[in-house]
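For reference, the structure is listed below as structure tokens.
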Amino acid sequence: MHVAVVDADPRYRYLADWLKLKHRVSLLHPDDDIPVADALVWPVKGPDKRDAKWRQIPYHFCGIAPAFLLKDVFASGGKVIEWMKDDSVSWYQAGLTAEGILMHVLSDTDKSIFETSIAVVGAGKTGISIARRLAAVGANVGCYTHFQIEKSRLKALLLKEITSIEEVDIVINTIPAAVIDKTSQASLVLDIVTAKDMFIHAPNAEYKKLPSLPAIVAPRSSGENIAQFIEWESQNG
């Protein structure tokens, strides 16, 4: 199988190296022309725009596919496979994201983690992974969520739910949508999804956008995890 891989960040080089053990692999710059191939591995969020050249490729892999990719590939008889919808990938990548957040919490503040109060906005896979990792090293951490299923998940995992982010030292956002409009006295806001419509008013905070943390803290682990999923899908999908 010929697999074309868009080299979007460091993890894709490890992904390509792993796939080369069994397949012919072409590593592409994001601006390169798309070659004829059996499968195409996109960046996590898929392509930025339409291109008729890649419609002839039968298999497309990405983290979360844009609507136009799903529509165009389906219309041409191909298949789009989203690795972030698979638990074996999404939980693993969430754990790597939690490692990156822990690194920033330890290095970007001037207080001991034992004396730091942290609010994690969202209690999905990433929010849960971050909260558990921080709690394990002694942080006073709680999750803020509106969703009943996430509230139940917090209870089942013995994690603390909080109803306000006002009096915390650090806010960590894990959600892409505008579900809160709150004021916080936090000194640091870490946003892993660079949410456009999220409103956290923290006038004294340092604001850091941290997309693609797995590619920064553990590119080999992240890339090989995705490559193993692609290999499994190519054999069993």
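The values are calculated or read from the model by the stated rules, or taken from the named source; none is laboratory data. Everything quoted here is computed from the prediction, not taken from an experiment. Cβ: placed from backbone, ideal geometry, glycine included. Neighbour counts: every protein chain shown.
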Qualifying positions in segment 71-126 - polar (S, T, N, Q) and free of Cβ contacts under 8 Å to residues at least 40 places away in the same chain:
SER76, SER90, SER107, SER112
All-but-one check, LEU213 against (1) closer than 25 Å to LEU96 by Cα; (2) modelled with pLDDT under 85, failing number (2)
Matching option when the condition is surrounded by 14 or more Cβ atoms within 10 Å (Cβ to Cβ) and at pLDDT below 95, among ASP33, ASP51, ASP86, ASP72
ASP72
Provide a single number: the residues in segment 148-172 that are at pLDDT below 95, under 24 Å from ALA202 (Cα atoms) and touching a helix residue (DSSP H, G or I) at 6+ places or on another chain (Cβ under 9 Å).
3
